[in-house]
Structures are given as C-alpha cells and as structure tokens.
Amino acid sequence: GKAANFVNVGAALKPDPGLEEVGGNGYLRGLCRSAPQLPNVRDYVRIIADLAMRRELVRAGEDLVSLACSAPADMTSPGIIAEHAERISKIEANAGPALDDRDGYVPFAEGLAFEVKLVEDALNGIRPDAVPTGLEELDRTTGGLQAGDFAIYAGRPGMGKTLLMTTTAKACAKDDRPAIFFEYEMSAAQLRQRLIADHLYRLKERNPLEYKQFRSGRFDPADFDRIYNATEELRALPIHIIDRGGLTVQQMTVQADRILQKYGK
C-alpha cells in the first residue's frame, strides 16, 4: 500500500541479504533513474500487452500443430479449425487496452464537434485540405482528392485514363505535394513523353506537340526549344515514376518510403 520508491522498497528489503548482493540502495536508485517516464507509460503498456498476445498466439499455434498431427480419428479437420478459431477469438477479445484516439477511434458524440469546426473554418475561408486533380470543374464538383478517399479512374482502352492520371500527378506536384506514379503498362520514358506533350498542350494552338511525334521521331526544329523549355519546367516538380509491373501494395509502400528517405518528402 505504499509508494514503490527506492526508500520504501529499501526499507522493506533491508532484512533480506539478497539486497546487498545486488548492490543495496544504490542498485534501487539506479532502477528508479532508468525507469521510463510516466507520461509514456501507456505506450510501454501497449508493447507489453502486444508481446503477451504474441506469446498466447505462439502457444495456440504450437497446440494447433500438435493436435493436427495427433488428433483422434473421430476428430475432423473442421472440428480442429473450429476449436482453434474460438481460442484465437478469445485472444483477440483480450487484446490490449481499450480503444482510444490512437486506434483511430473517436466516440460519435465527440466526433460531431469536428464537423461543426469544419463548417466554422469554411465560413472563415479555410477550406478542407485536398489534392487537386488538375481539372477545375472536377475539383469544384468533388472538392478534390481528400484524406480517406479511394479514387478509381476507370474506362475502356483509349479513353484517357493515363492522361487523367498524369494531369492529376502534375497538379499534385505543382501544389508542392510529391506524386509517385506506379505504371504497370508503359515505360517511364513513355510517361515522361506524355507529360511533356500534355504540358505543352494549348486548347486553341494550331500546331500542338503530339505524343505520337516521340514515337515516330518527326519533329520540327522549333519543337526542340519548346520541348527543352517544357522539360526545364517539369524538372522542378516532385514527380516520381516507377515502371515495374506486378508490385504489391506492400512493395509500393517500401518504394514510397525509399523516396521519402531520399528526397525528404
């Protein structure tokens, strides 16, 4: 019932010769100095709880292997699965501390205050943070790409999906937000060529630079200056193209982390 500091613990252990064997009160003071700070105790508890849960999973896995190898003849595989599914569910039910905001959980009643704040900010001219798509009318309609969105650009071949994606990547980069383009079908060179042609496109221009000119190699001398100037403008944008097909989401995450470490954002 007393505070667990080195004075009280030292007094309680004084009759025990084991205290002197480990270093006496000096050892206890060292323990106190090396103890984690109280404000961080919740994070340390989470680590301990997670390790305890892993030990339970290890035991459950070992028991599953043992039972699968030596189950009685009248016990079927679905029965083994059902028994261990129940055990795993119990482990999951006892997993760690209660939900809080670090788990992404906000009580509904408290969450409503965020929506009121959103409206207040809008009335004060503060708009929701969003990534532009590069198409003004689409941004007006959708509010741009916002956190939590999962946007899919879909269509038949030749409908302009890649153009829409490169337009969005460029708009994102112009907004000083790095854009990573994972391409499964084209090479990085083809995408760069499309970006250059798109960058030079003007609606009423009589002689626009066309993407197919890169494929055919047919350029006018005047095209060189236009292309060079476009590449200089695009060079300043934080756009990254990875043209390796078959990447999983986890592999994409690794690539994104590498870009983050190399370029700082």
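The values are calculated or read from the model by the stated rules, or taken from the named source; none is laboratory data. All values reported here derive from a predicted model rather than from experimental measurement. Glycine also receives a Cβ, built like all others from the backbone with ideal geometry; neighbour counts cover every protein chain displayed. These accessible areas exclude ligands, DNA and RNA; they are computed on the full protein's heavy atoms, side chains included. Shrake-Rupley method; radii C 1.70, N 1.55, O 1.52, S 1.80 Å.
Looking only at residues that are touching a His at 6+ places or on another chain (Cβ under 8 Å) and of a type in the set (A, V, I, L, M) in the stretch 162-189, which one is nearest to GLY143 (Cα to Cα)? Looking at residues that are touching a His at 6+ places or on another chain (Cβ under 8 Å) and of a type in the set (A, V, I, L, M), I get ALA179. When the residues of the stretch 214-237 are filtered to those that are assigned to a loop (DSSP other than H, G, I, E, B) and small (Gly, Ala, Ser), which remaining residue is least open to solvent (accessible area, probe 1.4 Å)? Ranking the candidates gives GLY217 first.
Here's the yes/no breakdown for (1) open to solvent by 50 Å² or more (accessible area, probe 1.4 Å); (2) within 30 Å of ASP129 (Cβ to Cβ); (3) free of Cβ contacts under 8 Å to residues at least 24 places away in the same chain:
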site: ASP175; (1), (2), (3): yes, yes, no
site: ALA179; (1), (2), (3): no, yes, no
site: PHE182; (1), (2), (3): yes, yes, no
site: MET186; (1), (2), (3): no, no, no
site: GLN193; (1), (2), (3): no, no, yes
site: ILE196; (1), (2), (3): no, yes, no
site: LEU200; (1), (2), (3): no, no, no
site: LEU209; (1), (2), (3): no, no, yes
site: LYS212; (1), (2), (3): yes, no, yes
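Being of a type in the set (Ser, Thr, Tyr), part of a helix (DSSP H, G or I), under 29 Å from GLN261 (Cα atoms) and under 24 Å from the mean Cα position of the chain (by Cα): is that true of THR167 here? Spelling it out, THR167 is indeed of a type in the set (Ser, Thr, Tyr), part of a helix (DSSP H, G or I), under 29 Å from GLN261 (Cα atoms) and under 24 Å from the mean Cα position of the chain (by Cα).
So is HIS240 within 19 Å of the chain's Cα centre (by Cα) and open to solvent by less than 60 Å² (accessible area, probe 1.4 Å) or not?
Spelling it out, HIS240 is indeed within 19 Å of the chain's Cα centre (by Cα) and open to solvent by less than 60 Å² (accessible area, probe 1.4 Å).
One residue stands out among those in the stretch 4-30 that are within 42 Å of the chain's Cα centre (by Cα) and at pLDDT below 85: the one that is least open to solvent (accessible area, probe 1.4 Å), which is ASN5.
Screening the candidates LEU209, LEU200, LEU247, LEU195 for the property of being among the aliphatic types (A, V, I, L, M) and under 25 Å from THR142 (Cβ atoms) yields one hit, LEU195.
Considering (1) farther than 30 Å from ARG87 by Cβ; (2) loosely packed, with under 13 Cβ neighbours inside 10 Å, the lone condition that VAL45 does not fulfil carries the number (1).
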